[in-house]
Protein chains: 2
Amino acid sequence: MEDVIRSLGFLCLGSRLKRIGEQLQAEAQRLLDRLDVPVQASQYPLLAALDRLGPLSVGELAQCLGVAQPGVTRSVSLLSELGLLEVSPSTDDQRRRIVSLTWDGRRLVDVAKRDVWPSIENAVADLCAGLSGPLLEQLAAIEDGLAAAPLDRRVKKPEGAAQ
Amino acid sequence: MEDVIRSLGFLCLGSRLKRIGEQLQAEAQRLLDRLDVPVQASQYPLLAALDRLGPLSVGELAQCLGVAQPGVTRSVSLLSELGLLEVSPSTDDQRRRIVSLTWDGRRLVDVAKRDVWPSIENAVADLCAGLSGPLLEQLAAIEDGLAAAPLDRRVKKPEGAAQ
DNA sequence: CATTGTTATATATCATGTTATAGATTTTGA
DNA sequence: TCAAAATCTATAACATGATATATAACAATG
């Protein structure tokens, strides 16, 4: 059956990018589930932002993640309930709420950075290895590549691992 | 402020593709709103599928659009309520429901094909014109390009148009 | 210092993707 | 032929993106 989104080319590029993005996230989720933490793949960018940049306000998070502010508010609430984030009012501006990693959040990020993120990054890099040429062809190659071997089969075993 | 998603490269490729896809769809929406039909940009691929392939069952639509079946069921309900689609049971298999364009749906697709889809396709092609090289760099160029000039400023005036 | 405008965040609502599962129909096979 | 398995669609529940708007705090101006 013809893949209509692919056939339509530039006309449906938005739908196509979303579709590929969702597929990548779903496959990354399977790798992240090894951490046994009930955190969705889409929440990790927020954790990574706090890891890279330190405590940030809600608005700053929205800006550096490129999403709308209400999405950040919701994610922060969710991750706070899981005990991964804490929120404290800014001292100089009572409107701003500063978000930071808790000890548990810090630990989750550290473990993820050590044990999972490199695997995901390598698997995606493997998927995209050798891609060149027009965007639409690269996207087709990614779709075909994912169909041929999902991310979790592209994870390299750590070098020198006992297993 | 650093764009964390972009900085993280392959690790956040899924989030990044979704983000770009949503932005493209939102901008395409502005062009589609000219049709004065309360149909979201994300519904047009379904209409285009029926236009290209003729009447299809719910499952066939899901397959050729690359989305999960419940999403198709919902979209079909929505577009049926707008009078753009009609659904009839298959004669040979009572489980299947065959979806087809109504007269109004046919007209909407024809108008969109003539008046709007070419504009969108050209605008996106313009955005992606001249892109080459590694995927991440092409994505960065698209993000920068959208920031510099959104889709509706990339629409070419029809040749020989009075205006 | 009161009023007015701006900014930061939260909330409400909607859109649309997912997975899991229920119900109806068809197919299979002893 | 009938029970079991498979298939098709709908529904429920959830996740997460968006926009619009309310509320609270700050800033500016008379």
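By how many degrees, between 0 and 90 and to the nearest 10, does the Cα long axis of helix B:13-32 differ from the longest principal axis of chain B?
So the helix axis and the longest Cα principal axis differ by about 70 degrees.
Between B:SER90 and B:ARG52, what's the calculated FRET efficiency when r is the beta-carbon distance and R0 is 30 Å? Round to 0.05. Before the final figure, lay out each step's value.
Numbers: r = 20 Å, r/R0 = 0.67.
Calculated transfer efficiency: 0.90.
Taking 0.36 nm per residue of separation and subtracting the Cα-Cα distance, what length does fully extending B:ASP33 through B:ASP110 add?
Contour length minus Cα-Cα distance gives 26.2 nm.
Give me the distance in nm between label points sitting 7 Å out from Cα along the Cα-to-Cβ direction at A:ALA26 and B:GLN40, one decimal.
1.8
Report the net charge of residues surrounding B:LEU108, where surrounding means a beta-carbon distance below 12 angstrom and charges are Lys +1, Arg +1, Asp -1, Glu -1. Can you show the working numbers first?
Working: positive: B:ARG106, B:ARG107, B:LYS113, B:ARG114; negative: B:ASP36, B:ASP51, B:ASP104, B:ASP110, B:ASP115.
Taking every Cβ under 12 Å from that of B:LEU108, the sum is -1.
Angle check, please: helix B:44-53 long axis (alpha carbons) against the longest principal axis of chain B (alpha carbons), in degrees 0 to 90, nearest 10.
Helix B:44-53 sits at roughly 60 degrees to that axis.
When a footprinting reagent is the concern and you count Cβ atoms within 10 Å, what order do A:ILE98, B:ILE5, B:ILE120, B:ILE20 take, fewest first? Present the calculation step by step, with values, prior to reporting the outcome.
Details: A:ILE98 17, B:ILE5 24, B:ILE120 27, B:ILE20 21.
Going from sparsest to densest Cβ surroundings: A:ILE98, B:ILE20, B:ILE5, B:ILE120.
With charges set only on the Cβ (+1 for Lys and Arg, -1 for Asp and Glu), what does the dipole of chain A come to about its Cα centre, in debye to the nearest 20? Please list the in-between numbers first.
On the way: 19 positive and 22 negative charges, 31 e Å.
Charge dipole, chain A, about its Cα centre: 140 debye, nearest 20.
In Å, what is the Rg of the alpha-carbon atoms in the protein assembly as shown, and how long is Dmax?
22.0, 73
Just how many % of Cα pairs in the stretch A:12-163 lie over 19 Å apart, if you round to the nearest whole percent? Walk me through the numbers before you get to the answer.
On the way: 6907 of 11476 pairs.
The proportion of pairs with Cα distances above 19 Å equals 60 percent.
Provide A:VAL39, B:VAL155, A:VAL72 in ascending order of the number of other Cβ atoms located within 10 Å of each residue's Cβ, fewest first. Don't jump to the answer; show the numbers that get you there.
Values: A:VAL39 20, B:VAL155 15, A:VAL72 23.
Ascending number of Cβ neighbours within 10 Å: B:VAL155, A:VAL39, A:VAL72.
Taking chain A as a Gaussian network, where each spring joins two C-alpha atoms under 10 Å apart, which residue of A:SER132, A:SER77, A:SER42 fluctuates the most?
A:SER132
Can you count the Lys pairs in the protein assembly as shown whose Cα atoms are under 27 Å apart, with each pair 8 or more apart or on different chains?
13
Connecting C-alpha atoms closer than 10 Å in a GNM of chain A, tell me which of A:ASP152, A:ASP115, A:ASP93 has the biggest fluctuation.
Evaluated over chain A, the most mobile residue of the options is A:ASP93.
Compute the helix-to-body angle for B:117-128: its Cα long axis versus the longest principal axis of chain B, expressed 0 to 90° and rounded to tens.
Helix B:117-128 and the main axis of chain B meet at about 30 degrees.
Which of B:THR91, A:THR73 has the fewest other C-beta atoms within 10 Å, and how do the rest follow up to the most? It would help to have the intermediate numbers written out before the result.
Working: B:THR91 8, A:THR73 16.
Result, fewest neighbours first: B:THR91, A:THR73.
Using the Cβ atoms and a cut-off under 13 Å, what net charge is assigned to the surroundings of A:LEU24, where Lys and Arg are +1 and Asp and Glu are -1?
+2
Out of B:LEU136, B:ASN122, B:LEU146, whose Cα points farthest toward the positive end of the dipole of the stretch B:104-150 (charges: +1 Lys, Arg; -1 Asp, Glu; placed on Cβ)?
Ranked along the dipole, the leading option is B:ASN122.
Read-outs throughout are calculated quantities, based only on the coordinates presented, and are distinct from any laboratory measurement. Just so we're clear, the structure is a prediction, and the values are computed from it rather than from any experiment. Note that each Cβ is placed from the backbone with ideal geometry, even for glycine, and that neighbours are counted across all protein chains shown.
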